[in-house]
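To start, the structure under review is shown below, and the notes come after it.
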2 protein chains.
Amino acid sequence: MSQGEPGIELDTSLGYMLKAASSALHSALEAVLSPLGMTITHYSCLELLAQRPGLSNSELARGAFVTRQSMNVLLQALERQGLVIRPARAPVGRALPTELTALGRRQLETASAAVRRVEQAMLADLDAGQQDQMRRLLTTCTAALTRPPASAT
Amino acid sequence: MSQGEPGIELDTSLGYMLKAASSALHSALEAVLSPLGMTITHYSCLELLAQRPGLSNSELARGAFVTRQSMNVLLQALERQGLVIRPARAPVGRALPTELTALGRRQLETASAAVRRVEQAMLADLDAGQQDQMRRLLTTCTAALTRPPASAT
DNA sequence: TGACTCATGTCAGAAGTCTGACATACGGTG
DNA sequence: CACCGTATGTCAGACTTCTGACATGAGTCA
């Protein structure tokens, strides 16, 4: 492999390592949530609503990193199951503020505990300082990627 | 929100921030790859083959973080398009060693340059030391998540 | 040798998410 | 006021990936 310039060194590529970590987290979450009959997006939606009651479909979608169309499908299912409620008419604009029901809150409790355990397992080998460092690094990367591509002028 | 213990503080949850960063990377990659007519998994497969020629379907799947069934679907398409080749019969066992064709290598070149630019943009605000720190942190997290759940004995 | 275990390749069906499209509601500007 | 751009909710169809299942080949061990 002493070629001129391989596209990206997989073993040291931070993009690849970020994907690897995220994938591992995804699998671990799926492993604990699927026995509860929930998907990760399903859980994310409930958790978002618990912390920020009244979020709209579009806001939930952004918070769970899916399109608003996908979130809409999910919300309709959650509504049918009685886990969330939305007003029939928008109080202002078109946004429908969503709320957790008691049943939704109860289902979230179990899931949230499981997710917390996964996160703690992930961070088991990092002290508080390292965790803080990681927060800063991830924030910086996310910001850099979100930032407009810097036109070539 | 002065409840006892909300499931997870979204703004400081490393799990959530990891997902956010990964999602931002995913979007940025999609933005540069889709004009080239490639998906991220499509690119990942080609990149893996460039660096590790002869990988089997299952090995590619693990490297691209998808199931071997998904990778199989993709490989058949790539084979039809003449980007990769696989022997008709396995030289040993069942594993079919896959190779990049000249066409595949050429397509990869363009994509790889674009991906490299995205990764550099992501890391624009981090010096070498911080990037190294980030590698260590991500590796530690991935290892902790992959590690067996530590039975409760 | 025969039985068992494990990894692999592949097919089929199901589930989740995405893109495209349309209608509605708010805000700014002529 | 009328127009336009933006944001939202929603429906429909397509795509990607997943889970489930089966058969093949290699290695281990009695």
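Peptide B:130-139 has a mean shielding of 6, counted as Cβ atoms of other protein chains within 10 Å of each residue's Cβ.
Where does chain A land at 222 nm, in deg cm²/dmol rounded to the nearest 500, when only DSSP H runs of n ≥ 4 count, each adding -39500 (n - 2.57), divided by all residues? Here the helix-only value at 222 nm equals -20000 deg cm²/dmol.
Shown in residue order for the stretch A:16-27 are the 3J(HN,Hα) couplings computed by the Karplus curve 6.51 cos²θ - 1.76 cosθ + 1.60 at θ = phi - 60°: 5, 5, 5, 5, 4, 5, 4, 5, 5, 5, 4, 4 Hz (x for Gly and Pro). Here the Karplus relation 6.51 cos²θ - 1.76 cosθ + 1.60, evaluated at θ = phi - 60°, turns the backbone of the stretch A:131-142 into coupling constants of 4, 5, 4, 5, 4, 4, 5, 5, 4, 4, 4, 4 Hz, with x for every Gly and Pro.
Annotation: amide H-H contacts under 5 Å for residue A:84 (H modelled 1.01 Å from N, sequence separation of 5 or more, or interchain): A:79, A:101. Dipole check for the stretch A:12-153: with +1 at the C-beta of Lys and Arg, -1 at the C-beta of Asp and Glu, and the Cα centre as origin, the magnitude is about 500 Debye. Between identical copies, the spacing of residue A:117 label points, each set 7 Å from Cα toward the C-beta atom, reads 4.7 nm from nearest to farthest.
Label point of residue B:72 (7 Å along Cα→beta-carbon): distances to the other copies' equivalent points are 3.6 nm, sorted ascending. For residue B:98, nonlocal amide neighbours, meaning residues 5 or more places apart or on other chains whose placed amide H falls under 5 Å from its own, are B:54, B:55, B:56.
Mean-square fluctuation check for chain B, GNM, Cα pairs under 10 Å: which of B:23, B:56, B:112 is largest? In this elastic network of chain B, the residue with the biggest mean-square fluctuation among B:23, B:56, B:112 is B:23. What's the local net charge at residue A:142, with K and R +1, D and E -1, over the other residues with C-beta under 15 Å away? With Lys, Arg at +1 and Asp, Glu at -1, the neighbours total +3.
When the alpha carbon gyration tensor of the stretch A:19-153 is reduced to an equivalent ellipsoid, the three semi-axes, largest first, read 28, 23, 13 Å.
Between amide H atoms placed 1.01 Å from N, distances below 5 Å from residue A:123 occur with no residue 5 or more places distant or on a separate chain. For the stretch B:27-112, the set of trypsin sites (Lys or Arg not before Pro) satisfying both a DSSP loop assignment and a count of at most 12 other C-beta atoms within 10 Å is given as B:89, B:94.
Within the stretch A:63-81, what residues put their amide N at less than 18 Å from the label point 7 Å along the Cα-to-Cβ vector of residue B:39? Answer for the stretch A:63-81: A:66-67, A:70. Panel note: contact residues of the stretch B:19-46 (accessible area lowered by at least 20 Å² against the chain on its own; 1.4 Å probe) correspond to B:19, B:20, B:21, B:22, B:23, B:24, B:25. Across the identical copies, the 7 Å label point of residue A:146, projected outward along Cα→Cβ, sits 3.0 nm from its counterparts, in ascending order. Counting Lys +1, Arg +1, Asp -1, Glu -1, what net charge surrounds residue A:94 among other residues with beta carbon under 14 Å of its beta carbon? Value of the local net charge: +2. Couplings 3J(HN,Hα) of the stretch A:104-119, computed from phi: x, 5, 5, 5, 5, 4, 4, 5, 5, 4, 5, 5, 4, 5, 4, 5 Hz, in residue order, whole Hz [Karplus 6.51 cos²θ - 1.76 cosθ + 1.60, θ = phi - 60°; x for Gly and Pro]. Across all C-alpha atoms in the protein assembly as shown, the radius of gyration and Dmax reach 21.3, 67 Å. Measuring from the axis that maps chain A onto chain B, the chain A residue with the nearest beta carbon and its rounded distance in angstrom come out as A:22, 2.
The values are calculated or read from the model by the stated rules, or taken from the named source; none is laboratory data. No experiment lies behind these values; they were computed from the predicted model shown. Reconstructed Cβ throughout: ideal geometry from the backbone, glycine too, with neighbour counts over all protein chains shown. Note: accessible area is taken over every heavy atom of the protein model, side chains too, but ligands, DNA and RNA are not part of it. Shrake-Rupley method; radii C 1.70, N 1.55, O 1.52, S 1.80 Å.
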